[in-house]
Amino acid sequence: MKTGRTKFTESDKLSILREYYASGASLYSMSKKYGIERGTLRYWMNKYPMNSESLSLPSQTIEDVMARKKSNEPDEIAKLQARIKELEKALAFSELGIKARD
């Protein structure tokens, strides 16, 4: 029975990771392009960290990736803070409903 999975050589994996880091593409777009699950890409990223010798990324690429990550952090924090406020409101509303029933 064929599972439809493609076997990637170590060279293929490293090439895909180099492209991912250099392009700034999302995990989603890379997974679609190569037919790989995002979890698999994350596994490869853990197995071959950015600064690993096997990837041998230029220092400028590593700096660019780190800069992109830092620029996204404030947005993520703001989104999480907004979500916390939403959940706090929902909890307060739920508690009022419980008090009303009692």
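The values are calculated or read from the model by the stated rules, or taken from the named source; none is laboratory data. Note that the structure is predicted; figures quoted are calculated from it, not measured. Ligands, DNA and RNA are stripped out before the accessible areas are found, and what is left, the full protein with its side chains, is counted by its heavy atoms. Shrake-Rupley method; radii C 1.70, N 1.55, O 1.52, S 1.80 Å.
Structure summary
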| quantity | calculated |
| --- | --- |
| Under 20 Å from Lys32, Cα to Cα: aspartates and glutamates that are on another chain or at least 8 residues apart | Glu10, Asp12, Glu19 |
| Cα pair count fraction exceeding 18 Å, expressed as % - the range 7-54 | 16 |
| Carbon and sulfur %, accessible surface of the chain computed with the full protein complex present, 1.4 Å | 54 |
| Accessible-area order (highest first, 1.4 angstrom probe) of the listed residues Phe8, Phe93 | Phe93, Phe8 |
| Rg and Dmax of the chain, Cα atoms only, in Å | 20.9, 65 |
| Probe 1.4 Å - accessible area at Lys99, Å² to nearest ten | 150 |
